[in-house]
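Have a look at the structure below, then the notes.
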Amino acid sequence: CALLKDRRITVRIIAEELSISKDTVWAIITEDLQMRKVCAKMVPKILTEDQKGRRLSICEDVVERINNDPSLLSRVVTGDESWIFEYDPESKRQNLQRKSPSSPRPQKARMSKSKVKVMLITFFDIKGIIHFEFLECGTTVNQHVYKAILQRLREKIRRKRRDLWENGSWILHHDNAPAHAALSIREFLAENSIAVLEHPPYSPDLAPCDFFLFPQKIKSVLKGTHHGDVKTIEKATTEELKNIPQEAFAQCMQSWKKRMEKCIRFQGSYFEGL
């Protein structure tokens, strides 16, 4: 009963309240109740039932469309923006080192992300990167900036994806950021007959840029390295974008479908892994 009221209560406090030994309390918790301490899982947002329902219904709709039209994912152009830092510390997992029983534990000073950073905007499809650019320092992605970016994206699609351009079959996918959802952007998309694949709110786990491109193919590779200045950041990022093999993008699209299917199985709740 005490554990149900307070999941953080200590063995010592329970033992004192019940006047039994700590060993007995520990045995009951770990052996009889089979409970163990875990860290809280970090999620983008504590979802309401309505938000879970929205995630569920959008995923069901998209998966149904893919099953009815297997070529749909090959026509989707997805994109987003993210900050790339001059220095981004390695994660604890990346910093793992081997040591012998007699050697001291390695030490490393605590570091934080640099203040020097650049905003990367990129779009890709199942074949690879179609368009990317870096914003000038001090520029923010508002509806006017994003509209200009979409105009440049259309030109890149015309040049790089002639088949999608000529039959007008490409589908834009982006998240629900204010700049993406602005009225002027919706009007621009309608005027140019650009179809949009709906994205669930509060769902970076269902956005290819957020679960694949930025964390796996760019930021994880650049972590732990000082790049000096903005130009060097842009050069290093450009090299990493060009180094991504085409098959990785195809795998990403298949993983995207699997993620939506898992979201359906979890009834719209966040999930771990695949």
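Put Phe211, Phe85 in order of accessible area, highest first, and with a 1.4 Å probe you get Phe85, Phe211. The candidate values are [x] 68, 41, 34; [y] 95, 46, 34; [z] 78, 46, 34; the one derived from this structure for Cα extents along the principal axes in Å carries the label [z]. Annotation: extensible slack from Glu155 through Asp6 equals 47.8 nm (criterion: 0.36 nm per residue apart, minus Cα-Cα distance). Applying the criteria of a DSSP loop state and at most 16 other Cβ atoms within 10 Å to the trypsin sites (Lys or Arg not before Pro) of region 155-216 yields no site. Simple spin-label estimate for Glu247 and Ala177 gives 3.2 nm between the two label positions (7 Å along the Cα-to-Cβ direction from each Cα). For the pair Asp229 and Ser82, the difference between a 0.36 nm per residue extended length and the Cα-Cα distance amounts to 51.2 nm.
Where is the GNM fluctuation largest for the chain (alpha-carbon springs, 10 angstrom cutoff): Val25, Val76, Val63? Judging by the Gaussian network model, the answer is Val25. Note on Arg186 and Glu272: with the Förster distance fixed at 30 Å, the Cβ-Cβ geometry gives a FRET efficiency of about 0.30.
Distance from the C-alpha centroid of region 118-140 to that of region 61-86: 16 Å, rounded to the whole angstrom. Comparing mean-square fluctuations of Ser193, Ser19, Ser74 from a GNM of the chain with C-alpha springs under 10 Å, the top value falls on Ser19. Taking amide H as placed 1.01 Å from N in the peptide plane, the amide H of Ala195 sits under 5 Å from that of Leu172, each at least 5 places away or on another chain.
The values are calculated or read from the model by the stated rules, or taken from the named source; none is laboratory data. Computed from a prediction, not measured in an experiment: that's the story for all the values here. Don't worry about glycine lacking a Cβ; one is built from the backbone with ideal geometry, like all the others, and counts go over all protein chains shown. Note: areas computed on protein heavy atoms with side chains; ligands, DNA, RNA excluded. Shrake-Rupley method; radii C 1.70, N 1.55, O 1.52, S 1.80 Å.
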